[in-house]
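The values are calculated or read from the model by the stated rules, or taken from the named source; none is laboratory data. Predicted, not measured: the structure shown is a model, and the values here were computed from it. Here the Cβ positions follow ideal geometry from the backbone for every residue, glycine too, while neighbour counts run over all protein chains shown. Heavy atoms of the whole protein, side chains included, go into the accessibility calculation; ligands, DNA and RNA do not. Shrake-Rupley method; radii C 1.70, N 1.55, O 1.52, S 1.80 Å.
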Amino acid sequence: MPLDHLVLGLQRALDRLVRRLRLGAAPVPDRRRLLIVQIDGLSKAVLEEAIARGRAPFLARLVRQRGYRMAPMNVGLPTSTPAFQMAAMYGVRPDIPGFHYHDKRRRTDIYFPRGGDAAHVEATQAAGRIGIVRDGGTYGCVFTGGAASNLLTFARLKRPSGAGLLRTISMVFVLAWVLLKGSIVSVIELTRALLRAAADPFSVSTMGWKWLAIKIVISVWLRELFTLAAAHDLYAGVSRIYVNYLDYDVAAHAWGPRHRRALRALRRVDASVHRLWRVLRRVPEYRYDLYVLSDHGQATCRSYRRITGGPPLEEALFDEFFDPSSEPRAAAVEGKGQRIASGLKAYRSHRAPGLFQRFVNYLERDFPRLLGETPESRERAGIRVISAGPNAFVYFLDSPEPLTLEDIEKRFPALATAVSAAPGIGIVLIRSASGPLCFWRGRRYALDELRAGPFANRADVERVAEGIRDLMAMRSAGDLVIYGTAAEGGDVSFISEIGAHAGPSPDEMQTFIIYPRGATVPSPITHPTQLYPYFMRYQEAG
Ligand SMILES: [Zn+2]
């Protein structure tokens, strides 16, 4: 398409100009530099299928013709971006049990898209450690990793930093370009959609329009911004850069990890990695090493509410187990007046069968938010329940410390057994005097018995057991941790999404790292903490 050629031509001209600006004194090409590209949410299995079917042509070329290697990586539990990045960036086994959880001691929820929560977690859990991106650039990540420049990183959303006037000027220049190109591509996408709608008014659903909006924000604007910001840093010789592309993850949540729309998003990310590669080739004197990796994969899930036909899990648990006597709709809404940043969850699909149902869903789902409650949580009678995805947490608030099976059974005899046998529920994890236990379909399994239960046929059952051990060692993990993984009939998510992650299914846990020939990455990688000492070597002299 001619406009694309024009845009690409303009972009090449910009690349040259930014390079000429050179942002102050050119750095000495003394050591190897680090570029990490994260493709959020992409499992090894989906990447391999995409490569085989021509959906990731640049990554295919990298591995087949450019001498790059691909190694498997097991990311541990929970399979969630903040847990992965805390481990990889700082080398710590974090206390981050999910994307949304409760801190009993501080009496507050942590919800990553909310301003300040990521910064707090990074400040407290990475305390005193040097991050792998120290003094570098981080784009699209949950944490800064110690970067000096971190446009749109959750942890610094409110106060982006950056040093030097020239740097600022050239960033403004880059932003102006993103503005121009983003506008052009947005208009193209919108025009295409309007033409499609004019040709066939019934072809474009509400979901289609919603998706168009998501695509324009995430896949045009953010991806352009991240690519240009990273390209800008590459020309400047910034020693360490970590860029995370969210497109595929968001599309896979909305449509499923193997849906054509998710694979198209992956194709666009592949093109962006290719652009960064071309920039790398223009600055060979900086000796950049490129790594492409993923933080977790996704599992295709069914919705909990569709299976039970009832209220969401955070309500159902009260109705069925904790507080069956009280009026189901008389939920005490705990209004803290927290303003909820419109997080990624807000982009997720709300699939509902009919107009009336949609209206009811709207009232049920969004009314508590208007009153200041964080999404997908309920608190009643000293018990707080949070649904974070295919995982949910139950907290008994009268004790600031995590409770064991023995403590819980005193209050609610045989609770874990009963919950694990309920429809739409997979496994239930709980601490006990003899270590973490896993309940599945009404039966109890110690971690060395998982192969006899929910994880039969898993070659990596040891990794699953280790993940569960790590997860239940986190003090912020719920007193009960409930997963939809391994539910009767397939995996289940407790929020509205088709692709989900946080759980231990193979596609969620098994990702990859693509690395240059000659690099000796740890092998096997059984936890992202192993990446920390490896990437820290880029901070040693020589
Ligand atoms: Zn995600």
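A few notes on this one:
- Residue match in the stretch 55-64 (condition: away from the ligand (no atom under 16 Å from the Cβ) and assigned to a loop (DSSP other than H, G, I, E, B)): yes
- Set side by side, the residues Leu415, Leu447 differ, and just one is open to solvent by less than 10 Å² (accessible area, probe 1.4 Å) and either farther than 21 Å from Thr300 by Cβ or within 16 Å of the ligand (Cβ to nearest atom) (or both), which is Leu415.
- If you filter the stretch 35-49 down to residues that are surrounded by 23 or more Cβ atoms within 10 Å (Cβ to Cβ) and among the aliphatic types (A, V, I, L, M), you find that the one that is farthest from Gly131 (Cα to Cα) is Val46.
- Some residue of the stretch 424-434 being surrounded by fewer than 21 Cβ atoms within 10 Å (Cβ to Cβ) and within 23 Å of Gly484 (Cβ to Cβ): yes
- Looking across the stretch 501-514, the residues that are buried (at least 20 other Cβ atoms within 10 Å of the Cβ), out of contact with any His (no Cβ under 8 Å at 6 or more places or on another chain), farther than 30 Å from Ile408 by Cα and of a type outside the set (D, E, K, R) come down to Gln510, Phe512, Ile513, Ile514.
- Residue match in the stretch 457-470 (condition: farther than 19 Å from Val75 by Cα and touching a Lys or Arg at 6+ places or on another chain (Cβ under 9 Å)): yes
- Residues that are within 13 Å of the ligand (Cβ to nearest atom) and either without any contact (Cβ under 8 Å) to a residue 12 or more places away in the chain or part of a loop (DSSP other than H, G, I, E, B) (or both), drawn from the stretch 501-521: His501, Ala502, Gly503
- Ser170 being at pLDDT 90 or above, farther than 18 Å from Arg240 by Cα and out of contact with any Cys (no Cβ under 8 Å at 6 or more places or on another chain): no
- Selection from the stretch 439-448 of residues that are touching a helix residue (DSSP H, G or I) at 6+ places or on another chain (Cβ under 9 Å) and either part of a strand (DSSP E or B) or within 18 Å of Ala414 (Cβ to Cβ) (or both): Phe439, Trp440, Arg441, Gly442, Arg443, Arg444, Tyr445
- Counting only helices (runs of 4 or more DSSP H) wholly contained in the stretch 242-310, the ones carrying 1 or more residues that are in contact with a Pro (Cβ under 6 Å, 6 or more places away or on another chain) occupy 304-308.
- Members of the stretch 227-248 that are within 16 Å of the ligand (Cβ to nearest atom) and open to solvent by less than 10 Å² (accessible area, probe 1.4 Å): Asn244, Tyr245, Asp247, Tyr248
- Checking every residue in the stretch 492-500 against the condition of being in a helix (DSSP H, G or I), within 16 Å of the ligand (Cβ to nearest atom), touching a His at 6+ places or on another chain (Cβ under 6 Å) and open to solvent by less than 10 Å² (accessible area, probe 1.4 Å) gives zero matches.
- Single condition Arg380 does not satisfy, out of (1) surrounded by fewer than 14 Cβ atoms within 10 Å (Cβ to Cβ); (2) over 28 Å from the mean Cα position of the chain (by Cα); (3) at pLDDT below 95: (1)
- Hey, Arg93 open to solvent by 10 Å² or more (accessible area, probe 1.4 Å) and either within 16 Å of the ligand (Cβ to nearest atom) or out of contact with any Asp or Glu (no Cβ under 9 Å at 6 or more places or on another chain) (or both) or not: no
- Pick from the stretch 120-144, criterion among the small types (Gly, Ala, Ser) and open to solvent by less than 20 Å² (accessible area, probe 1.4 Å), ranking: nearest to Glu379 (Cα to Cα): Ala126
- Look at the stretch 247-267: where a residue is farther than 11 Å from Gly499 by Cβ and a partner is aromatic (Phe, Trp, Tyr) and crowded, with 24+ Cβ neighbours inside 10 Å, sitting 6+ places away or on another chain with Cβ atoms under 9 Å, you get Leu263/Tyr248; Ala265/Tyr245; Ala265/Tyr248; Leu266/Tyr248.
- Qualifying residues in the stretch 461-480 (those that are out of contact with any helix residue (DSSP H, G or I) (no Cβ under 7 Å at 6 or more places or on another chain) and in a loop (DSSP other than H, G, I, E, B)) - the one surrounded by the fewest Cβ atoms within 10 Å (Cβ to Cβ): Arg475
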